[in-house]
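Rule-based calculations on the coordinates, nothing more; no lab input. Just so it is clear, the model here is predicted, and its values are computed rather than measured. Cβ placement follows ideal geometry from the backbone for every residue including glycine, while neighbour counts extend to all protein chains displayed.
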Amino acid sequence: MIPRVARSWRARAAPAVVVLVAGAALRCLFLGSRSLWFDEADTLLVASQPLAHMHSFLMRFEVTPPLYSVLMHGWLAFFADARIGLRVFSALCGIGALVAFRSLSERLLPERARLLALFLAAASSYWIHLAQDGRVYALLSLIVVCQARLTWELSERPTRRLWAGYAALGALGLYAHYYFGLILAAHAAWLLLRWRRTPRERAAWLAAHAVVAAAFLPWLGSFLTQFGAHRGDLVVADPLNFRHLCDLLGTLFFDVTYLGLLLPPWFTPAIGAGLLALAAAAGARLVRRGGDPEERRALGFLLWHAAAFTALVFVAELLCGRPVTQARYFAPLAPFLFLLAALVASRPGRPASAARVALEAIVAVGAVGYFFSGRIIDPRLDRLAAAIQRTDRRLPLVYLETYYYLPMRYYYLPERPHFLVAEASEGIDYPTLPPYDGVAGRERLRRLGPCVVLDEKRLLGGPALSVGTGAQVAALIEDSPLSKGRDSEAKSGR
C-alpha cells in the first residue's frame, strides 16, 4: 500500500503537474504556423554568417549582445526549416523557464499562492508568445528565473557554490540582453543590503560582481559601438510615460498581438493599472507590521525587484534620449509580477478573491486571443510568397515598406532579387545587406524594368501585390506619402 503521506503529496502535486504539462503544450501549439516576422529574419541574417564575420553584422544589424546569435549559428544547422529551428529553441527555453518558475514559486510563496502563480505563468499569452518567437527573450526569461532563485537562496543561506552560479548566470544574462543588467542591479542591491554587515559575505558579493564585470568587459566596446550606431533609430513611437508603462505591464498578462489592434486603446493599459493597484496594496501591507515573517520577506523581495527594474527602465530611456522600451524588454520583470500578483490575490477576503478571478479570466482570455490572432489575423507571408511565386520568376521584387523585406529576402524567396525603395530604407544599414545592395533610389527604379510591387499599406493607392515597372513605381512615389515624408525630413534638417 502507498503510505498516506505519499498519497497526500501526490494529490497536492497533481494539479501543478497538470498546469505544467498544459503550459508546455501551449508553448508548442501551432509553433510553425505564424509567419516569420521581421526580427526573426534579422536573427536568421546574423546567425547565418560565419563566426568570423558575425561581430560586424551584430554591430550593423542588431542591438543585442552576441550570445543568442552564436547559439543559433550552431543550432540551426540541425534544422532544414530555419523558422522551426528558431522556435523549437525558444519553446524549449520557455518550458525550462516554466519548470524553473515552479521551483521558484515553491521556494518563495506560501502553498495557497503557488498554483495560481504557476497558472499565471503557464497561461500568460506574453510568456507563450516569447516561447514561440525566434528571438532571445525565452532564453532571457529562463536565465532570469534561475538567477532569481539563486538570489533568494543567497539571501537565505549563501555558499561558495551559490555565489559561483550567481556570477556565471549574471555574465550569461548580460551576453543575452542588455536589459538583464537592470534586474541584475536589483539583485545586487538586494544582496548588498542583506549582507552589508557581514564582512565575509560582503567580500563574496564583491567578488561575484567583479567576475560578472570582468566577463562583460571584452564586449563593452562593442556595446558602446552598437549604442552609438543605433542611437538615432526610432525603435518605438511612444515615450515611457505612465500610460505607456501601464500598457507594457498589461501586456505581460494580456498579449494578443495583432488582435490588440482591434481592441479599445485603453484596454491593455487598464489591466496594467490594475496590476499597479495590486502592487500598491502589497506595498501597503508590507508597511504594516504583523503577519508571517517569511511571507513578508518574499513580498519585499518581489516588490523591490518590480520597483527597481521599472525605475531603472526609466533611467535607461533617459540615457538613450529617445523611446526605446518595448514590451519584450520587460521579460525580466514578468516572473516577479506573476509571483507578486499570485501572492496578493491568494489572500483570504473578498477583494483578493475578486482579484484572483479577474487575473485568471484575463490570462485565460489572453491566451485564447493570442492563438486566435496567430491563426486568423497573422499576415500569412507563406500565402503571399506562394502568390509571388505564381508571377514570372525572373521579375525582381520591389518593397514600399520594410516589414516584409527581410523575411522575403532571407527566408521565403531567397532566390529572387529584392529591392527596398530608398524612401523606406531608414533604420538598419540596408545598403550593406549581403550579397548585394538591395536599396533602390528613383534612378535605379527607373532602370529596373518589370517588377513585382509589394505595397502592404497601399501607400501608392493600388493593390498590396501587383506587377508593374520600376519607372511606374518611381513616378507614383513622387506624389505619395513616402516622398512627402522624406521631403519634410530634409527641410527640417534631419
| To the nearest 10 degrees, how steeply does helix 51-61 sit against the main Cα axis of the chain, on a 0 to 90 scale? | 80 degrees
| remark: Rounded to the nearest Å, the spacing of the alpha-carbon centers of the range 332-350 and the range 425-473 is 50 Å
| query | Taking only Cα atoms, what is the 0 to 90° angle, nearest 10, from helix 350-372's long axis to the longest principal axis of the chain? | reply | 30 degrees
| field | Cα-based helix-to-principal-axis angle, 82-108 vs the chain, degrees rounded to 10 | value | 20 degrees
| field | Rough spin-label spacing in nm, given labels placed 7 Å along Cα→Cβ, for residue 360 and residue 206 | value | 5.1 nm
| query | the range 155-189 to the range 93-133: how many Å between their Cα centroids? | reply | 20 Å
| request: Would you calculate, for the chain, the mean residue ellipticity at 222 nm contributed by helices, counting each DSSP H stretch of 4 or more residues as -39,500 (n - 2.57) and dividing by all residues, to the nearest 500? | output: -21000 deg cm²/dmol
| request: Return the percentage of antiparallel bridges among DSSP beta bridges fully within the chain, rounded to the nearest 5 %. | output: 40 percent
| Qualifying GluC sites (Glu not before Pro) in the range 316-422, DSSP loop, other Cβ atoms within 10 Å at most 11 | 415
| query | Please identify the trypsin sites (Lys or Arg not before Pro) of the range 170-200 that satisfy two criteria: DSSP loop assignment and at most 13 other Cβ atoms within 10 Å. Which are they? | reply | 196, 197
